[in-house]
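What follows is a short report on a single structure.
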Amino acid sequence: MKIFLNTLRCKEKSISVSRQVINTFAVLFLGIALGTFSKFLDNTASNELPFLFGYLDVGNFLGRFAIWVLIAICISIYSNSSIRAAINVFVFFAGMVTSYYLYSKFVAGFFPKSYAMIWAGFTAISPLLAFICWYAKGKGKISFVLSAMMIAALFNMTFVYGWSYFNIRSILELVVFLCGCVVLRRETVKDSMIMLVIGIVFAFLLNVLMPFRFGY
């Protein structure tokens, strides 16, 4: 296993225990804040929100997967180790999902159990996904493929397409996709472009083999 991980050519960063604790609590509070904010928007009439929020449909955007996947990728990539990536991403989603559904139950007055179970399941598997995602920042071929696969996932969350149509879900999803390309970029422009092309090919293959619409 150690030999395999070495082929990923991804080095851990050494930081103090106190810094690790601070980072994890910061991620937790970010999750709680975003979960509460997301449910607040979901529970507020559009005509009571600033015009830009309604125009960009921010409430529904936060109810889809793309932005949360991007945040998880960022947390994973910038954690100092694969283990820390798993812990931090789990803590983020635990805080976000818990605050969202506590707000839903005790403030909004209802509890959508089926959706809560979906997000609970996603939270449960998030440490494993984050552990794997951390290695995408390495310099080996496997790291390159991992980056391309994440680009593929974001692509399918951003665009809706078939044999005769191709549409963007929203401008905010497009921003998420572009940010993902920046975060996952390789050392050279050429390698980044190759990663993007391979990622799009993976996306089309996934769309054929597993036509699940992640965006909704």
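A compact table of results
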| quantity | calculated |
| --- | --- |
| The chain: DSSP helices with Cα axial extent of at least 15 Å and average Kyte-Doolittle hydropathy no lower than 1.6 | 66-78, 171-183, 189-209 |
| Exposure ranking of Met150, Met210 by accessible area [1.4 Å probe, largest first] | Met210, Met150 |
| For segment 71-188, size of Cβ-based charge dipole, Lys and Arg +1, Asp and Glu -1, in debye | 180 debye |
| Positive-pole candidate from Gly54, Ser164, Val91, dipole of the chain, charges at beta carbon | Val91 |
| Taking N as its residue count, the alpha carbon Rg of segment 1-152 over 2.2 N^0.38 Å | 1.17 |
| Above-threshold pairs, the threshold being 24 Å between Cα atoms, out of Lys13/Lys190; Lys141/Lys190; Lys39/Lys113 | Lys13/Lys190 |
| For Tyr115, solvent-accessible area (1.4 Å; no DNA, RNA or ligand), Å² | 140 Å² |
| Segment 52-187, relative contact order [Cα under 8 Å, separation at least 6], % | 28 percent |
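The values are calculated or read from the model by the stated rules, or taken from the named source; none is laboratory data. Everything numeric here is computed off the predicted structure, so don't read it as measured data. Using ideal geometry, Cβ is built from the backbone for each residue, glycine included, and neighbour counts are taken over all protein chains shown. Ligands, DNA and RNA are excluded from the accessible area calculation, which covers all protein heavy atoms including side chains. Shrake-Rupley method; radii C 1.70, N 1.55, O 1.52, S 1.80 Å.
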